[in-house]
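J.: I'd like to ask some things about the structure below.
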Amino acid sequence: NAGVTQTPKFQVLKTGQSMTLQCAQDMNHNSMYWYRQDPGMGLRLIYYSASEGTTDKGEVPNGYNVSRLNKREFSLRLESAAPSQTSVYFCASSRDGSLYGYTFGSGTRLTVV
Amino acid sequence: GENVEQHPSTLSVQEGDSAVIKCTYSDSASNYFPWYKQELGKRPQLIIDIRSNVGEKKDQRIAVTLNKTAKHFSLHITETQPEDSAVYFCAASNNNNDMRFGAGTRLTVKP
């Protein structure tokens with residue numbers, strides 16, 4: 001039982017490059033989330049998927065897209081990376097919505113130069 | 001949307017002392033308030049949570065209190081130990097899938 005698995009752990013991109021962050025959970029959770037963590041700003045929601053087949057924007061969605069591939073997997077795509085997207089990205093899942101505790105992945109440290 | 005303020009941003013205590021972290025929220029419809037602990041370089045982990053129908057909850061050395069009228073909630077850690085050193089985040093949610101987090105409190109427990 002791995003919980004929430006994120007790949008990659010580290011990535012350096014040049015401005016304008018694209019990449020996809022992968023996330024998978026094995027807890028049969030319905031809801032999945034992508035957050036970014038910046039110093040002094042806590043965790044900010046980028047996109048979420050309340051259940052398989054649905055996705056919605058969070059607080060800071062600009063510059064990102066997501067795909068809920070199936071119940072287990074939720075990916076985050078940066079189409080044209082910008083230095084402002086340098087951050088630590090966390091995927092999380094919950095049993096069903098935001099009235100349950102989240103299980104977080106180990107994070108992806110992304111640097112855009 | 002919901003706005004969560006967290007204080008203090010840093011807190012240093014002596015081992016064995018108590019630590020208190022306070023949060024306020026803006027959306028009166030919020031009804032779920034979790035706390036997460038994040039050790040350096042690690043993922044946030046849920047340590048305790050409270051729902052709006054409860055005023056206080058305890059789990060060993062950790063307790064959380066909620067005042068819905070004043071829209072604030074607090075984390076209390078008693079008999080602190082060096083392994084309690086971490087960043088602690090409060091959060092608030094009203095089941096709109098937009099859980100909002102505070103900016104975090106860096107707790108240092110000095111031996």
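The values are calculated or read from the model by the stated rules, or taken from the named source; none is laboratory data. Computed from a predicted structure; not experimentally measured. Positions of Cβ are generated from backbone atoms using ideal geometry, with glycine treated the same way; all protein chains shown enter the neighbour counts.
J.: Go through the stretch B:1-38 and give me each residue that's of a type in the set (Val, Ile, Thr), within 12 Å of chain A (Cβ to nearest Cβ) and surrounded by 20 or more Cβ atoms within 10 Å (Cβ to Cβ).
T.: As a first pass, look at the stretch B:1-38 and keep what is of a type in the set (Val, Ile, Thr): B:4, B:10, B:13, B:20-21, B:24.
Add one more test, that the residue is within 12 Å of chain A (Cβ to nearest Cβ), and what stays is B:4, B:10.
Answer for the stretch B:1-38, where residues must be of a type in the set (Val, Ile, Thr), within 12 Å of chain A (Cβ to nearest Cβ) and surrounded by 20 or more Cβ atoms within 10 Å (Cβ to Cβ): just B:VAL4.
J.: Out of everything in the stretch A:9-36 that is buried (at least 21 other Cβ atoms within 10 Å of the Cβ) and within 19 Å of A:ALA82 (Cα to Cα), what residue ends up being nearest to the other protein chains (Cβ to nearest Cβ)?
T.: Across the stretch A:9-36, the extreme among qualifying residues is A:TYR35.
J.: Related question: Failed condition for B:ARG61, given (1) more than 14 Å from chain A (Cβ to nearest Cβ); (2) touching a residue at least 40 places away in the same chain (Cβ under 8 Å), with all others met?
T.: (2)
The rows are residues; the columns are (1) under 17 Å from B:TYR88 (Cα atoms); (2) in contact (Cβ under 8 Å) with a residue 24 or more places away in the chain.
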{"site": "B:GLU2", "(1), (2)": "no, yes"}
{"site": "B:THR24", "(1), (2)": "yes, yes"}
{"site": "B:GLN38", "(1), (2)": "yes, yes"}
{"site": "B:ILE48", "(1), (2)": "yes, yes"}
{"site": "B:ARG51", "(1), (2)": "no, no"}
{"site": "B:VAL54", "(1), (2)": "no, no"}
{"site": "B:PHE73", "(1), (2)": "yes, yes"}
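J.: Which one of B:ASP49, B:ASP98 is within 11 Å of chain A (Cβ to nearest Cβ) and in a strand (DSSP E or B)?
T.: Details: B:ASP98 fails: in a strand (DSSP E or B).
Exactly one residue qualifies, and that residue is B:ASP49.
J.: Condition first: in contact with a His (Cβ under 6 Å, 6 or more places away or on another chain), surrounded by fewer than 20 Cβ atoms within 10 Å (Cβ to Cβ) and more than 8 Å from chain B (Cβ to nearest Cβ). Can you find one or more residues in the stretch A:56-78 that meet it? Outline the logic, then answer.
T.: Initial filter on the stretch A:56-78 (in contact with a His (Cβ under 6 Å, 6 or more places away or on another chain)): none.
The answer is no; no qualifying residue exists.
J.: If you scan the stretch B:9-33, which residues turn out to be over 15 Å from the mean Cα position of the chain (by Cα) and aliphatic (A, V, I, L, M)?
T.: B:VAL13, B:ALA29
J.: Within the stretch B:34-47, can one find any residue that is among the acidic types (Asp, Glu), under 13 Å from the mean Cα position of the chain (by Cα) and within 22 Å of A:TRP34 (Cβ to Cβ)? If you could, list the steps in order and put the result at the bottom.
T.: Taking the stretch B:34-47 first, the residues among the acidic types (Asp, Glu) are B:39.
Subset that is under 13 Å from the mean Cα position of the chain (by Cα): none.
No, that holds for no residue.
J.: Okay, moving on. Quick one: A:GLU59 ticks every box in (1) more than 15 Å from the chain's Cα centre (by Cα); (2) modelled with pLDDT under 95 except a single one, so which number is it?
T.: (1)
Yes/no matrix, rows are residues, columns are (1) in contact (Cβ under 8 Å) with a residue 60 or more places away in the chain; (2) in contact with a helix residue (DSSP H, G or I) (Cβ under 7 Å, 6 or more places away or on another chain); (3) hydroxyl-bearing (Ser, Thr, Tyr):
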position	(1), (2), (3)
A:PRO8	yes, no, no
A:MET19	yes, no, no
A:ALA24	no, no, no
A:TRP34	no, no, no
A:GLY42	no, no, no
A:SER51	no, no, yes
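J.: Quick check on the stretch B:78-95: of everything there that is surrounded by fewer than 23 Cβ atoms within 10 Å (Cβ to Cβ), under 16 Å from B:ILE47 (Cα atoms) and in contact with a strand residue (DSSP E or B) (Cβ under 7 Å, 6 or more places away or on another chain), which residue is nearest to the other protein chains (Cβ to nearest Cβ)?
T.: Looking at the filtered set, the residue picked out is B:VAL87.
J.: Identify, from the list A:GLY53, A:GLY42, the residue that is within 14 Å of another protein chain (Cβ to nearest Cβ) and at positive phi.
T.: Details: A:GLY53 fails: within 14 Å of another protein chain (Cβ to nearest Cβ).
Going through A:GLY53, A:GLY42 in turn, the sole match is A:GLY42.
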